[in-house]
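**Student:** The structure's right below; bear with me while I get my questions together.
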Amino acid sequence: MHRLPPVSSMPYRRILTGVSMALAFLLPASLHAADAREIARTVCAACHGVDGNSSEPANPKLAGMDQEYLMRQLKAFAEGKRRDDTMSAIIASLDSGDFAKLATYYGSQKPTPGTVRDPQLAAKGLALFEDGNTDSGVPACAGCHQSDGQGNARFPRLAGQHQAYVLKQLADYKSGRRATDPLMTTVGKRLSIDEARALAEYIAGL
Ligand code: HEC
Ligand code: HEC
């Protein structure tokens, strides 16, 4: 039976080295030369939508979010303070000089509204969002993210965000998988899963 030579043998090595060199040459160079819109269209749009309004509930809407916030998150993925296999791999292929351009691009896009599916659950979320839970020490979200969920330069916009994405972030703060902010880690730890569900439902309708 014919057997393939081991990968370490010369011809294979030469081919592999050639391929990775071509990639190393082509990928960062072409991304670097492109403007933010072009990167957004070719690299990010499949998951976040061309204008940053993703239709897939697991992928966050980026449109209209504060630029500083978006930049911090891209850096957090690059530094491993925030972990997501997909995002980390994508960020690794970008030039960090492009982070600011991408953040500006998405920050200036118009956000689309979200959809509330369970108004009763959203009503429970409203109470928590405005007043928190004094028994468990959950602070009022509105105190930082604003009553309309629009946020500001310090606190990110939440309004209209997908339920599934918000729920995952609250769980990630709680578990420590997302270690970007000690305040939100505390908030995550104090929230029950039912409270988090109610909040995510309410936030979608803001
Ligand atoms: C294959 C899907 C996919 C692609 C392509 C992708 N992302 Fe993401 N992105 C995600 C997911 C999923 C998350 C949420 C990760 C998590 O749960 O922490 C995310 C999170 C983010 C966040 C954090 C948002 C927030 O509200 O904190 C930013 C910023 C971001 N992506 C920017 C980009 C940019 C810029 C590109 C293109 C260069 C890109 N993404 C490409 C799937 C993707
Ligand atoms: C003391 C201020 C403060 C309070 C109170 C607060 N947050 Fe936050 N929140 C922040 C900050 C700051 C960030 C950004 C942290 C980071 O960089 O990860 C954030 C991030 C988030 C995110 C991630 C957004 C994204 O796009 O990934 C969610 C979701 C969130 N907060 C929900 C809530 C909810 C729900 C409450 C109320 C139970 C709440 N927050 C209360 C300050 C606050």
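The numbers here are math on the coordinates, done by the rules we state, and not lab data. These figures come from a predicted structure and were not determined experimentally.
**Student:** Stokes-Einstein D for the stretch 119-204 at 25 °C, 0.890 mPa s, Kirkwood Rh over Cα pairs, in µm²/s? Walk me through the numbers on the way to the answer.
**Tutor:** Values: Rh = 12.6 Å.
Value of D from the Cα-based Kirkwood radius: 195 µm²/s.
**Student:** Hey, how much of the P(r) for the stretch 34-107 falls beyond 21 Å, as a percent of Cα pairs?
**Tutor:** 13 percent
**Student:** Using only the alpha carbons of the stretch 47-171, determine the length spanned along each of the three principal axes and report them from longest to shortest in whole angstroms.
**Tutor:** 45, 27, 25
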